[in-house]
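Below you'll find the structure, written out as structure tokens, and then a few comments.
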Amino acid sequence: MNIKKAIIISLLTPILSTAQSNFRLNQTEFFTVSVSIDPSSSIKEQGLDYVAEIEYAGNIYAKIGFEQFSAIYGGYNDIHGAFGINFTSGYFEKIRYYTGVRMGNVYRGSQGAFRTIYGLESGIDYEVKDDITLGLRSTLDKRIDQEIFGWEPESKFSGFIRICYKWKYNNHH
């Protein structure tokens with residue numbers, strides 16, 4: 001997939017979802033703990049590319065997490081954060097749409113070096129139970145860590161399947 005297509009997909013996810021009933025900014029506050037895998041990369045490289053994150057969500061969201069993928073050349077570990085805007089639709093707010101910016105620090109173990117990544121993310125989550133959501137998430141990152149191996153930095157598109165444990169935030173005193 002080329003970069004232009006990936007950017008368009010990342011930015012259009014919330015816009016295309018306006019066909020859903022009552023598309024609006026999310027008003028419910030909650031926290032999530034999630035685990036995601038990139039099935040395409042995991043199959044291609046014959047190893048598990050996984051992400052774990054903790055997140056606050058309301059009208060906006062903010063999260064911190066880490067990704068680990070030891071199967072690729074030099075290994076890959078990152079610590080990242082993201083923030084952006086949340087939307088929902090439907091009477092019971094079962095569907096969440098989000099899009100934002102992200103930044104992280106990548107450690108490539110075999111070389112013992114850190115580099116920065118930055119990019120965009122978007123996703124959609126569906127609430128299967130009050131406290132469990134399943135979702136799809138995409139990221140488009142500028143990968144400066146490629147310099148560690150003497151390669152040109154490049155933009156990388158990734159797609160993830162995620163499961164979240166969700167709990168509502170009650171601000172009642």
Problem - Hits in segment 39-57 (condition: surrounded by 15 or more Cβ atoms within 10 Å (Cβ to Cβ) and either small (Gly, Ala, Ser) or free of Cβ contacts under 8 Å to residues at least 12 places away in the same chain (or both)) - result: 41, 42, 47, 57
Completion exercise
For segment 103-140, the count of residues that are among the acidic types (Asp, Glu), crowded, with 21+ Cβ neighbours inside 10 Å and without any contact (Cβ under 8 Å) to a residue 40 or more places away in the chain equals 1
Problem - Test: residue in segment 112-132 that is over 16 Å from residue 34 (Cα atoms), part of a loop (DSSP other than H, G, I, E, B) and more than 16 Å from the chain's Cα centre (by Cα) - result: yes
Exercise for the section: Scan segment 22-35 and report the pairs whose first residue is under 15 Å from residue 83 (Cβ atoms) and surrounded by 15 or more Cβ atoms within 10 Å (Cβ to Cβ) and whose second residue is of a type in the set (S, T, N, Q) and modelled with pLDDT of 90 or more, with Cβ atoms within less than 7 Å and a gap of 6+ or a chain change. Expected result: 26/59; 26/86; 26/88
Practice task
Only residues that are in a loop (DSSP other than H, G, I, E, B) and at pLDDT 95 or above: list them for segment 48-58, please.
Solution key: 48, 49
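The values are calculated or read from the model by the stated rules, or taken from the named source; none is laboratory data. Every value quoted in this text rests on a predicted model; they were computed, and no experiment measured them. Heads up, the Cβs are rebuilt from the backbone with ideal geometry, glycines too, and the neighbour counts pull from every protein chain shown.
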